[in-house]
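Let me begin by presenting the structure, written as structure tokens, before commenting on it.
Each value in this text was obtained by applying a stated rule to the coordinates, not by laboratory testing. Predicted model only: the values in this text are computed from it and were never measured. No Cβ is skipped: glycine too gets one built from the backbone with ideal geometry, and neighbour counts run over all protein chains shown.
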Amino acid sequence: MPVLSTISHEKNELSHFRVDYLTLNVRSFNNSSIDSSAKGRLFNSTTIDSSSMAVDDISNSPNEKFLLILGKPGGGKGTISKKILKDFPDTEHISTGDILRQHVRNKTELGKEAKAYMDRGDLVPDEVMISLVLEDSMTAIKSGKHILLDGFPRTIEQAVALDENIDVEVVVDLNIPTDTIVERIADRWIHPASGRVYNYSYNPPLHHGKDDESGEDLVQRDDDKPETVRKRLDAYDKVTSPLIQYYEKKGVLKTFSGTMSDKIYPEVEKWLKDMGLN
Ligand code: AMP
């Protein structure tokens, strides 16, 4: 079966899963009970069939915010996200790359199909990604926390789908020079079984080439190999960087430039506080 049709088949399975998942996780959905002021916490019925869902027990607080972090692959989104989560503990992190890698590790059908795209440095199709994110966001919405989306949206189509469901209020755009990224990615090695990430420059393992906890070998992610990295950076320029203007026009984006996450982060933290994140 061709990859794309397998993916859409998988997506259908995913949709069934989504309904079960939502039925389990959201008690009594009733669209009419949704206060329009709560749009930021909601999904509309054009994206998800709401007939079997329920959100009337989702309380919306105006203090809960949807954040995005944008930036080139390998540009420190993960590192900055971790710092945000530490300083703003009422925040739920949704990293689409992490979710996909978990599927790959668990060898799910989705993981097997997504791996082909990821290994080539290509983007996974929008429809698959939109379903994935909306599921995970639903859990986060239930938690009543801020949500930090990392790695999504990656295309204008994904951004539009998100907009139909969620009010994005804060977008952190990391602008890191490409040369810095290429060096950094070459130094990034992982422990495949756990997903633990090391970097020989600033977060080295205790023993070269070995995972700190298991002592097992570290490997380079297939998509961290130089030719794939170049492809991912090109894809970022072509399809993801237009999102910067998209969110700039909405007045919710701020760009942070530099080469060191430790130097950039204090500015990010200050801006998030100015934007009302607590
Ligand atoms: P990341 O760790 O965010 O760089 O994601 C690793 C890979 O997962 C990407 O190179 C894509 O193949 C895939 N991926 C992650 N997020 C998305 C997305 N929003 N849209 C399409 N593909 C994605």
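Data table
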{"item": "For the range 73-127 versus the range 178-252, the gap between their alpha-carbon centres in whole angstrom", "result": "11 Å"}
{"item": "The range 156-171 - phi-based ³J(HN,Hα) in whole Hz, Karplus 6.51/-1.76/1.60, Gly and Pro as x", "result": "4, 4, 5, 5, 5, 4, 5, 4, 5, 10, 9, 8, 7, 9, 9, 10"}
{"item": "Å³ per residue enclosed by the Cα convex hull of the range 121-278", "result": "148 Å³"}
{"item": "Long-range HN-HN contacts of Arg221 with modeled amide H, under 5 Å", "result": "Ile190"}
{"item": "Calculated Rg and Dmax of the range 72-191 using C-alpha coordinates, Å", "result": "14.8, 40"}
{"item": "Packing-based exposure ordering (other Cβ within 10 Å, fewest first) of Met275, Met118, Met129", "result": "Met275, Met118, Met129"}
{"item": "Lys pairs under 24 Å by Cα in the range 170-269, provided they are eight or more residues apart or on distinct chains", "result": "6"}
{"item": "Extension reserve of the Lys263-Glu109 stretch, reckoned as 0.36 nm per residue once the Cα distance is removed", "result": "51.4 nm"}
{"item": "Ranked Glu109, Glu227, criterion: other C-beta atoms within 10 Å, fewest first", "result": "Glu227, Glu109"}
{"item": "Leu70 long-range amide H proximity, modeled H, under 5 Å", "result": "Val172, Asp173, Leu174"}
{"item": "For Phe256, Phe152, order by how many other beta-carbon atoms lie within 10 Å, fewest first", "result": "Phe256, Phe152"}
